[in-house]
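Accompanying notes for the structure given below.
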Amino acid sequence: MLGLGGTFPLFKSGTLKIRTYYVNYYNVLDAYTDATYSTLNWESLYKNDSAGAFILGTFNARANHELRFSLNGRLDKVKQQASDTSPWENYEHNTYSIGLEDEWKLTSSWLLIAGLSLDYLKKQEGGHRTSLNPIIGLEFRPQIPLEFHLSYSQKSRFPSMRSLYSSTSGNPNLKDEVGQTFEFGTAYHGWVDSSLALFTSSYRDFISVIPQPDGTKLYVNIGKARIHGLEVETGKSIGHFNIHLQYAYLDARNLTDNRKLDLIPASQLSLLLNYLRSDNYALAIWLIAASKAETVISDETVTVPAYVTANLSVEKFFRAGSIFIKVENLFNKAYFTEPGYPISCRRIEIGFGFQAGL
């Protein structure tokens, strides 16, 4: 996996952020006739190349207009062979998206935000889909450290390559998921930074993955679904120390089958503690906790237990950049977000960043 990105100036007052990535996955599965591993029965090959980029930009078009735009693209190619005598299967899946948003300062206290995104999917065998999605919002910022906002947005989600073509869980007949969300929120920026958001989302053809009795999974569309929820955040900086707490409550329902949506916990909590010295190093510890979730397998309700996991990162700064070490699932704890599929064990990532003067 390779990644490259950076932040650059745009015009006089704008900013441009770019990130690119390339992922190559190659897997060989060998089956032998017996436990001596002396005679190969069959060999299966799987190759997956993914490349993509996203660009985020912002600049002031006029004194009271701030324009934001985004460009996003992802190219996926898969070649797989069930055995050395089977024909190669080739799949290709490309997605592109362009978005534009304008923040219009109506007065010193009122802001109007409006935008559109155009999403495009090019499927295997020449199939393609296009979706146009709007967003509009109103924000009020009185002359005190308090603000309010009200917004409406629509967003479509295309099926992923895995959900369409996986040999064990794919469904090539999946439709696009379309969601509409209304949100009201408030934020306070004073001796402590806090925010509260209440939202309700309705979905058509909600994409969900359903565990099967044989241990595999199947991606399906749920005709109608909805999620009511709230999010609360609070944070405080004291010198070089920072603490940030976030809580989300979700009431997620499968309206078509009149039951809870599969594998969505009602409560999720995250806690971030970090120590930062920009001339020396940064240390961060973050905890994630989730309540139990449910799914239905062969008409039987199966519960996924609640869990808590910890992560750690250390970054050392130099004049021209930094080097970092990140450890996920710090205590190597086995836990599940869906039945039969444990989360990865402890994962260690080492990387570096550099800053060039322009």
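The values are calculated or read from the model by the stated rules, or taken from the named source; none is laboratory data. Keep in mind it's a predicted model, so treat the numbers as computed, not measured. FYI the Cβ positions are ideal-geometry reconstructions off the backbone, even for glycines, and counts take in every protein chain you see.
Among the residues of the range 184-222, which ones are among the hydrophobic types (A, V, I, L, M, F, W, C) and either closer than 14 Å to GLY170 by Cα or part of a loop (DSSP other than H, G, I, E, B) (or both)?
Listed by number, the residues that qualify are TRP191, VAL192, ILE207, VAL209, ILE210, LEU218, VAL220.
Going by what's in this entry, would LEU271 be described as under 22 Å from ILE350 (Cβ atoms) and either touching a Phe, Trp or Tyr at 6+ places or on another chain (Cβ under 8 Å) or without any contact (Cβ under 8 Å) to a residue 60 or more places away in the chain (or both)?
It is false that LEU271 is under 22 Å from ILE350 (Cβ atoms) and either touching a Phe, Trp or Tyr at 6+ places or on another chain (Cβ under 8 Å) or without any contact (Cβ under 8 Å) to a residue 60 or more places away in the chain (or both).
Any idea which residue in the range 186-214 is surrounded by the most Cβ atoms within 10 Å (Cβ to Cβ), counting only those that are closer than 18 Å to HIS228 by Cβ and not hydroxyl-bearing (Ser, Thr, Tyr)?
Selected residue: PHE206.
Going residue by residue through the range 347-354, is there one that turns out to be in contact (Cβ under 8 Å) with a residue 12 or more places away in the chain, not in a strand (DSSP E or B) and not β-branched (Val, Ile, Thr)?
No: zero hits.
For residues that are touching a residue at least 40 places away in the same chain (Cβ under 8 Å) and either closer than 30 Å to LEU112 by Cα or part of a strand (DSSP E or B) (or both), tally how many sit in the range 64-86.
The number of residues fulfilling the criteria is 7.
Given the condition basic (Lys, Arg) and surrounded by 12 or more Cβ atoms within 10 Å (Cβ to Cβ), answer yes or no: does some residue in the range 48-67 qualify?
No - not one qualifying residue is present in the range 48-67.
Just to check your reading of the model, which residue among GLU177, GLU183, GLU103, GLU139 is buried (at least 17 other Cβ atoms within 10 Å of the Cβ), touching a residue at least 24 places away in the same chain (Cβ under 8 Å) and touching a Lys or Arg at 6+ places or on another chain (Cβ under 6 Å)?
Matching residue, one of GLU177, GLU183, GLU103, GLU139: GLU177.
Could you tell me how many of the residues in the range 86-118 are closer than 22 Å to LEU71 by Cβ, of a type in the set (Val, Ile, Thr) and at pLDDT below 95?
Looking only at that region, the number is 1.
Just one of the numbered conditions (1) buried (at least 16 other Cβ atoms within 10 Å of the Cβ); (2) touching a Pro at 6+ places or on another chain (Cβ under 8 Å); (3) over 22 Å from GLY73 (Cα atoms) is not true of GLU147; which one?
It fails just one condition, (2).
Taking ASP34, is it over 26 Å from the mean Cα position of the chain (by Cα) and modelled with pLDDT under 95?
In short, yes.
Got a number for residues in the range 3-29 being part of a strand (DSSP E or B), among the hydroxyl-bearing types (Ser, Thr, Tyr) and loosely packed, with under 13 Cβ neighbours inside 10 Å?
3
Kindly indicate whether any position in the range 67-74 is basic (Lys, Arg) and within 27 Å of the chain's Cα centre (by Cα).
Checking the range 67-74: at least one residue is basic (Lys, Arg) and within 27 Å of the chain's Cα centre (by Cα).
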